[in-house]
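Inspection log for the structure reproduced underneath, given as structure tokens.
The values are calculated or read from the model by the stated rules, or taken from the named source; none is laboratory data. All figures in this text were calculated on a predicted structure; none of them were measured in a lab. Glycine also receives a Cβ, built like all others from the backbone with ideal geometry; neighbour counts cover every protein chain displayed. Keep in mind that these areas ignore ligands, DNA and RNA; they rest on the heavy atoms of the full protein, side chains included. Shrake-Rupley method; radii C 1.70, N 1.55, O 1.52, S 1.80 Å.
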Amino acid sequence: QVQLVESGGGLVQAGGSLRLSCAASGRTFSNYCMGWFRQAPGKEREFVAAISWSGGSTYYADSVKGRLTISRDNAKNTLYLQMNSLKPEDTAVYYCAAASLWVGASAREYNYWGQGTQVTVSS
């Protein structure tokens, strides 16, 4: 089992920045590819970004390219999402997820999920 706990969400004005963290415990963090997903009210969960085991490969949804950056620190068992130039449409609950294989944007392939952290961007 892998336990994932997100933090860092909050209320920010459009154009502002936030950094989300996802603390992992349980099994060896570096054995897992990680992803960020989000779900806005009334909408389906959508892929945001993914990162490989060592962090050498990343993959982003087109809607966030150039504004959001995924990274990880395997020594600290922590995943990050740096969010810059935030827009109201980024408002959602953000979830981190772990997969033993490289599954990219395929949410159903992730094995473990956190409980989510709310991000609200005001206009």
Filter the range 64-75 for residues that are open to solvent by 40 Å² or more (accessible area, probe 1.4 Å) and without any contact (Cβ under 8 Å) to a residue 24 or more places away in the chain; the one that is nearest to SER17 (Cα to Cα) is THR69
Worksheet item: Does LEU79 satisfy the criteria of being in contact (Cβ under 8 Å) with a residue 40 or more places away in the chain and either more than 10 Å from the chain's Cα centre (by Cα) or open to solvent by less than 40 Å² (accessible area, probe 1.4 Å) (or both)?
Response: yes
Listed by range, strands (runs of 3 or more DSSP E) wholly within the range 1-45 having at least 3 residues that are surrounded by fewer than 17 Cβ atoms within 10 Å (Cβ to Cβ) are 2-7, 10-13, 18-26
Of the candidates THR58, THR117, the one satisfying the condition of being open to solvent by less than 60 Å² (accessible area, probe 1.4 Å) and at pLDDT 95 or above is THR117
